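Some notes on the structure that comes next.
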Amino acid sequence: DRASRRRSALADGFTKWFANRHPDWTDIAVAIDRPQPGLSSDTLMLEVESAVTSERYVARLPPLGETVFPDYDLARQAKVQNAVAAHGIPAAQVVALEIDPGWIGASFALMPRVTGHTLTTNPPYLTSGWLAEQSAEKQRAVIERFVSTLAAINRLPVEDLGLCDLTGGGPTLPG
């Protein structure tokens, strides 16, 4: 529910989760930033401070309400992300997958946060934001990298990815 997605409730839940996961971390404080919501996930930027470490993560949660996908399977997403990353594709590796919604009110995937830009859907990234403000050459380079990455994904040896046990899911395929 929406109340469980308030920053204070999320910060409290993540603080308890990190304390449980890392008993050697003491005096844990979690700050949460919420970028513009996407269409397929609820994304949170986490700054985790403790007496022994300072870490930055991205947490991906199932969206509230209607989604663009007929089912939302974080475990499947994590398996695919980690498999393609292991084969050299620039994908965020999932370092933790929590399926127990008791911690923050939802399951979540946790990934290291890297510095960079995200593309927004509202306003559309083609008409507003950092990419739209770049030169035509820079825009072309970004799109060419994107297409090159898609081509590299399509060249991956499917049988070596360890994903053959995954089914399509959704309304017409067994999941």
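In this Cβ point-charge picture (+1 for Lys and Arg, -1 for Asp and Glu), the chain has a dipole of about 320 debye about its Cα centre.
For the chain, averaging the sequence separation of C-alpha pairs within contact (under 8 Å, six or more residues apart) and dividing by the residue count gives a relative contact order of 17 percent. Computed from backbone phi with θ = phi - 60° and the Karplus coefficients 6.51, -1.76 and 1.60, the 3J(HN,Hα) list for segment 46-56 is 10, 10, 10, 10, 9, 5, 10, 7, 9, 10, 10 Hz; x is used for glycine and proline.
Here's the picture: charge each Lys and Arg Cβ at +1 and each Asp and Glu Cβ at -1 in the chain, and of 150, 30, 161 the one pushed furthest to the positive end of that dipole is 150.
The accessible area of residue 72, taken with all protein chains in place and a 1.4 Å probe, comes to roughly 50 Å². Here residue 95 sits with roughly 80 square angstrom of accessible surface, probe radius 1.4 Å. In the frame of its principal axes, segment 109-164 has Cα extents of 41, 28, 20 Å, reported largest first. Of 28, 143, the residue with the largest accessible area leads and the full order is 143, 28 (1.4 Å probe). In the complete set of protein chains, residue-level accessible area for residue 5 is approximately 20 Å², probe 1.4 angstrom. Using a probe of 1.4 angstrom and keeping all protein chains present, the accessible surface of segment 29-106 works out to 50 square angstrom per residue.
For segment 20-91, the ratio of Cα radius of gyration to the globular rule of thumb 2.2 N^0.38 Å stands at 1.35.
For the chain, which semi-axes, largest first and in whole Å, follow from the square roots of 5 times the eigenvalues of its Cα gyration tensor? It would help to have the intermediate numbers written out before the result.
Values: eigenvalues 158, 99, 66 Å².
Semi-axis lengths for the chain are 28, 22, 18 Å.
Carbon-plus-sulfur fraction of the accessible area of segment 36-88, 1.4 Å probe, in percent? Ligands and nucleic acids excluded, carbon and sulfur give 55 percent.
The values are calculated or read from the model by the stated rules, or taken from the named source; none is laboratory data. Nothing here was measured: the structure is a model prediction, and the numbers come from that model. For neighbour counting, all protein chains shown are included, and Cβ atoms are generated from backbone atoms with ideal geometry for every residue, glycine included. Protein only, heavy atoms only, side chains kept; ligands, DNA and RNA dropped before computing areas. Shrake-Rupley method; radii C 1.70, N 1.55, O 1.52, S 1.80 Å.
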